[in-house]
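> Before we start, here is the structure in question, set down as structure tokens.
The values are calculated or read from the model by the stated rules, or taken from the named source; none is laboratory data. Since the structure is predicted, the reported quantities are computational estimates derived from the model, not experimental observations. Methodologically, a virtual Cβ is constructed for each residue, glycine included, from the backbone with ideal geometry; neighbour enumeration extends over all protein chains shown.
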Amino acid sequence: MNPYELTIGQARAELDGGNISSRELTESCLARIKKVDGDIHSFIRVTEDEALEQADAADKQIAAGKAEPLCGIPLSMKDLLCTRGITTTCGSKILENFVPPYDATVVEKLKSQGAVILGKVAMDEFAMGSTSENCAFDVPENPWKSGYVAGGSSGGSATSVAGMECLGSLGSDTGGSIRQPASLCGVVGIKPTYGRVSRYGLVAFASSLDQIGPLTRDVTDSAMMMNGIAGYDKRDSTSVKEDLPDFTAALTQGMQGLKVGIPREYFGEGLDPEVVQVVKNGVQILKDAGAEIVDVSLPHTEYCVAVYYLIAPAEASSNLARYDGVVYGYRDQDAESLVDMYRETRSHGFGDEVKRRILIGTYALSSGYYDAYYKKASQVRTLILNDFQKAYESCDLLISPVTPTPAWRRGVHADDPLALYLSDILTISANLAGIPGMSVPGGFSSDGLPIGIQLQGSHFREDILFRAAYNLELGTKLANKCPDMG
């Protein structure tokens, strides 16, 4: 086995046992990146020199017996997490040369534990998209099938893990941007409860929806990374002071005594039959493991897409107003006046999808329309949250598809953004409600494309999701199953 093929858990044992060094593990991942990244385009920037320095420092910690669980583990970071001294582009031309003077809290935490940062990975521009095709730089390609989308917006995070270029990655999820690419690329991805993981240093898309989480090759690795990044941060006003369990301790607790709800609204028209069958198999696995299966209803599901695509663009319109060419980022050099400079900077610096969402959001917030659109959407958002709270009175977690279909061909929806918006219909509700959601590999389509199973829990009950996810993993036997890329 090549070192880059190890899971985080396996690598931890090998590092602690002296069978491999962090430098050897890191060099193996860097060689893997050089070999396959020309095909899957995960990385915007590889920080080889910094990674090797961090690996050498980790080896010293390990030798001194001071290694934490993620010490010496090579990881990738979605390129909207601020990294001190390293370019953070958000997949956008407007931030092509932006170098943050500080680390995001999650990056700071990982570095303090001795993790190795291999570089920054590709994403939809400012996290706006479902395929990563909106990246201003290279577009990630699905490692399982050339010419197919990797999902988005954390596409580079998913492909770097599935392609075995790193042992784990951090992404962000505003409407499914961790879970959806995790499903399409056959890896594990979790969106924690809103407030569980600090957003300080995350370049904002929609501040009431964004959340950072890990993508990994198996459920144990996901729990280990959650242990490393979760917790209260006074620098994030939305961070919550909540007891932090050891998520790895939940893995082997079994399903006895848990009720798993099947939301009937998540199984309507438009679902690929192979997706439905994979989820049904997952339900049976949990039932055989001792769970009780119950039917539940989330009656306001049909409004989720409309609510999301008013709230998220409105918050994006506000957050992205700072990119005007004055303080940092791209500036048009040919403008003859201040107004022209604003206009040309934003016209040339932003891609089409970002401009589309800024226009939608600005309109929804404008005088005379705020009450009709943004305020009304916020009211319906409360009804969606109430649906989940009522459902959790009769069950402990929900099981459903992640996406209506497996991955699709690149470019097929290039002229139909609404079709892409609808592909998020099963994931955005968790962001609107602030609850944790998780994608676990469940099976494959007849074309050999991965299909994930979505688990959703009540606020701050990620431990229950990990219990169920671990049992699904045991039943499907898909842990650490990666594409054959040579």
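> Here are the criteria: (1) among the small types (G, A, S); (2) at positive phi; (3) without any contact (Cβ under 8 Å) to a residue 12 or more places away in the chain. Tell me which single one G448 does not satisfy.
The failed condition is (3).
> Separate question: Kindly state which helices (runs of 4 or more DSSP H) lie completely within segment 406-486 and contain at least 2 residues that are over 27 Å from N227 (Cα atoms) and in the same structural domain as Y232 (by TED's automatic domain parsing).
Numbers: elements: 417-422, 428-433, 462-476.
Answer list for segment 406-486: 417-422.
> Among the residues of segment 362-375, which ones are surrounded by 15 or more Cβ atoms within 10 Å (Cβ to Cβ) and either in contact (Cβ under 8 Å) with a residue 60 or more places away in the chain or not in a helix (DSSP H, G or I) (or both)?
Listed by number, the residues that qualify are Y373, Y374.
> Looking at N2, is it modelled with pLDDT of 95 or more, of a type outside the set (G, A, S) and under 21 Å from A64 (Cβ atoms)?
Numbers: modelled with pLDDT of 95 or more: yes; of a type outside the set (G, A, S): yes; under 21 Å from A64 (Cβ atoms): no.
Considered against the rule, which asks whether it is modelled with pLDDT of 95 or more, of a type outside the set (G, A, S) and under 21 Å from A64 (Cβ atoms), N2 comes out as no.
> Right, something else. Exactly one of (1) in contact (Cβ under 8 Å) with a residue 60 or more places away in the chain; (2) more than 22 Å from the chain's Cα centre (by Cα) is unmet by D415. Its number?
(1)
> I need the full set of residues from segment 27-44 which are under 23 Å from the mean Cα position of the chain (by Cα) and surrounded by fewer than 17 Cβ atoms within 10 Å (Cβ to Cβ), in order please. If you could, list the steps in order and put the result at the bottom.
Let us first name the residues in segment 27-44 that are under 23 Å from the mean Cα position of the chain (by Cα), namely 29-30, 32-33, 36-44.
Within segment 27-44, G38, D39 qualify.
> What is the residue count in segment 146-190 for residues that are surrounded by fewer than 24 Cβ atoms within 10 Å (Cβ to Cβ) and touching a strand residue (DSSP E or B) at 6+ places or on another chain (Cβ under 8 Å)?
2
> Tell me whether segment 84-93 contains one or more residues that are crowded, with 22+ Cβ neighbours inside 10 Å, in contact with a Pro (Cβ under 6 Å, 6 or more places away or on another chain) and in a loop (DSSP other than H, G, I, E, B). Talk me through it step by step, then tell me what you get.
As a first pass, look at segment 84-93 and keep what is crowded, with 22+ Cβ neighbours inside 10 Å: 88-92.
If we keep only those that are in contact with a Pro (Cβ under 6 Å, 6 or more places away or on another chain) too, we end up with 88.
From what's left, in a loop (DSSP other than H, G, I, E, B): 88.
Yes: one or more hits.
> Of the residues G257, G290, G270, G228, which is in contact (Cβ under 8 Å) with a residue 60 or more places away in the chain and at positive phi? Can you show your working first?
On the way: G257 fails: in contact (Cβ under 8 Å) with a residue 60 or more places away in the chain; G290 fails: in contact (Cβ under 8 Å) with a residue 60 or more places away in the chain; G228 fails: at positive phi.
The match here is G270.
> May I ask you to list the residues in segment 242-269 that are surrounded by 18 or more Cβ atoms within 10 Å (Cβ to Cβ), aromatic (F, W, Y) and farther than 28 Å from Y232 by Cα?
Once the filter is applied, which keeps residues that are surrounded by 18 or more Cβ atoms within 10 Å (Cβ to Cβ), aromatic (F, W, Y) and farther than 28 Å from Y232 by Cα, segment 242-269 yields only Y266.
> Select from segment 197-227 the residues that are touching a strand residue (DSSP E or B) at 6+ places or on another chain (Cβ under 7 Å) and among the hydroxyl-bearing types (S, T, Y) and write down the one among them that is surrounded by the most Cβ atoms within 10 Å (Cβ to Cβ).
The selected residue is S222.
> Here's a follow-up. In segment 256-286, which residues are over 18 Å from S423 (Cα atoms) and either assigned by TED's automatic domain parsing to the domain that holds Q456 or among the small types (G, A, S) (or both)?
Our first condition is that a residue be over 18 Å from S423 (Cα atoms); within segment 256-286, this holds for 256-262, 277, 280-286.
Listed by number, the residues that qualify are G257, G261, G282.
Conditions (1) at pLDDT 95 or above; (2) farther than 17 Å from A104 by Cα, marked per residue:
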{"residue": "M224", "(1), (2)": "yes, yes"}
{"residue": "G228", "(1), (2)": "yes, no"}
{"residue": "G231", "(1), (2)": "yes, no"}
{"residue": "E242", "(1), (2)": "no, yes"}
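> Run D387 past the list (1) charged (D, E, K, R); (2) in a helix (DSSP H, G or I); (3) over 29 Å from P299 (Cβ atoms) and report the number of the one that doesn't hold.
Answer for D387: the failing condition is (3).
> Pick out the one residue from E24, E50 that is touching a residue at least 60 places away in the same chain (Cβ under 8 Å), surrounded by fewer than 18 Cβ atoms within 10 Å (Cβ to Cβ) and not in a strand (DSSP E or B). Talk me through it step by step, then tell me what you get.
On the way: E24 fails: touching a residue at least 60 places away in the same chain (Cβ under 8 Å).
None of the others qualify; the one that does is E50.
> Next up: Could you list all residues from segment 55-83 that are more than 24 Å from A162 (Cα to Cα) and crowded, with 24+ Cβ neighbours inside 10 Å?
In the first step, residues of segment 55-83 are kept if they are more than 24 Å from A162 (Cα to Cα); the result is 56-68.
Residue satisfying the conditions is A58 alone.
> Within segment 53-83, can you find the residues that are in a loop (DSSP other than H, G, I, E, B), small (G, A, S) and over 19 Å from T7 (Cα atoms)?
Going residue by residue through segment 53-83, those that are in a loop (DSSP other than H, G, I, E, B) are 64-73, 79-80, 82.
Now drop any that are not small (G, A, S), which leaves 64-65, 67, 72.
Within segment 53-83, A64, G65 qualify.
> Could we say that R179 is of a type in the set (K, R) and touching a Phe, Trp or Tyr at 6+ places or on another chain (Cβ under 9 Å) here?
Working: of a type in the set (K, R): yes; touching a Phe, Trp or Tyr at 6+ places or on another chain (Cβ under 9 Å): no.
For R179, the condition - of a type in the set (K, R) and touching a Phe, Trp or Tyr at 6+ places or on another chain (Cβ under 9 Å) - is not met.
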